[in-house]
1. Evaluated at 37 °C with a viscosity of 0.692 mPa s, what Stokes-Einstein diffusion coefficient in µm²/s does the chain have when Rh comes from the Kirkwood expression over alpha-carbon pairs?
2. Can you give me the orientation-averaged projected area of the convex hull built on the Cα atoms of region 1-79, in nm²?
3. Can you tell me the relative contact order of the chain? Whole percent, Cα pairs under 8 Å, sequence separation 6 or more.
4. What is the distance in Å between the Cα centroid of region 234-270 and that of region 1-73?
5. Which far-off residues, 5 or more places away or on another chain, put their amide H under 5 Å from the one on residue 220, with H placed in the peptide plane?
6. Can you give the relative contact order of region 102-218 as a percent, counting alpha carbon pairs under 8 Å and 6+ residues apart?
7. For region 181-269, how big is the tail of P(r) above 22 Å, as a whole percent of Cα pairs?
8. With an 8 Å Cα cut-off and a minimum separation of 6 or more residues, compute the relative contact order for region 181-269 in percent.
Amino acid sequence: MIQRLATMRYSTIAFTSDFGLEDHYVSVVKFVIKRLSNGEVDVIDVSHSLGRHNLYRGAYVSAVAAKYAPQDTLHLIVVDPTVGTKRDIVVFETERNGVFIAPDNGVLTHAYEWFSGTGYLADLRSVVGKDVSSTFHGRDVFAPLAVKVAMGVEPSSLGRGVDPDDLKRLKLTRPNLRKGAVTCSVLNVDVFGNVITNIPNHTLNQDSYVVQSSRGAFKLAKSQTYASLQADSLLLINGSEGFYEIALNGKPAAALIGAEPGSELSVYED
């Protein structure tokens, strides 16, 4: 058990991983958190169905969830393709959106861009015990570290400070609308197959466009809802998180146009 300090800082851990739900990994991490915190910390599952090693989806869903979480939430993101190596672990303390703990591999890209804060590179010698598996840091490293911070340990005491601009970020094409055309990146593909781009809502003013992907060119029609157009119609819609989505009435748009998180697309006037 980790001793709670005078003031408990984070009463909830929001847990995101690529572990899936078929194995024991998620439950083990949550049990370790409960045991080390003596049951004082609640754990909320954000998602564990990102797809193996999918940093782009992990970055998006964890940052979106953080926009709605109480300020006393610790966001634990374990998407760690290089687990067991000498990669750094980041503690990112924000001003208004809690604290994030994750590997330094780009999975905090949107957190850095959307929230103001300070980063720290954790010195794990002061955090974990001697028996650390090289393949399950979620249990042996991230869970103990998260509980320490939740129970009141100052992030600044865990390691040296670092400017978030110097931490690893995912490769994304920033949209720049020129002469009726814009190149963008796919931030996420949700469970319905909707393609969430990084083009801000209300910046495309025509009624119809064309999207160019690796699979070809496809016509898009602006729409207010997913079901406003006839079945099998590709549509462009203002998304709920402030970015345009490409959707297909009744079917997954991503499968049709061949888009996945991190893909580059071009959208231009029809």
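Each value in this text was obtained by applying a stated rule to the coordinates, not by laboratory testing. What you see is a predicted model; the values in this text were computed from it and never measured.
1. 167 µm²/s
2. Quarter of the Cα hull surface area: 5.2 nm².
3. 17 percent
4. About 29 Å separates the Cα centre of region 234-270 from the one of region 1-73.
5. Under 5 Å from the amide H of residue 220 lie the amide H atoms of 209, 210, 211, each far enough along the sequence or on another chain.
6. Taking the mean separation of contacting Cα pairs over the length of region 102-218, I get 23 percent.
7. 11 percent
8. 41 percent
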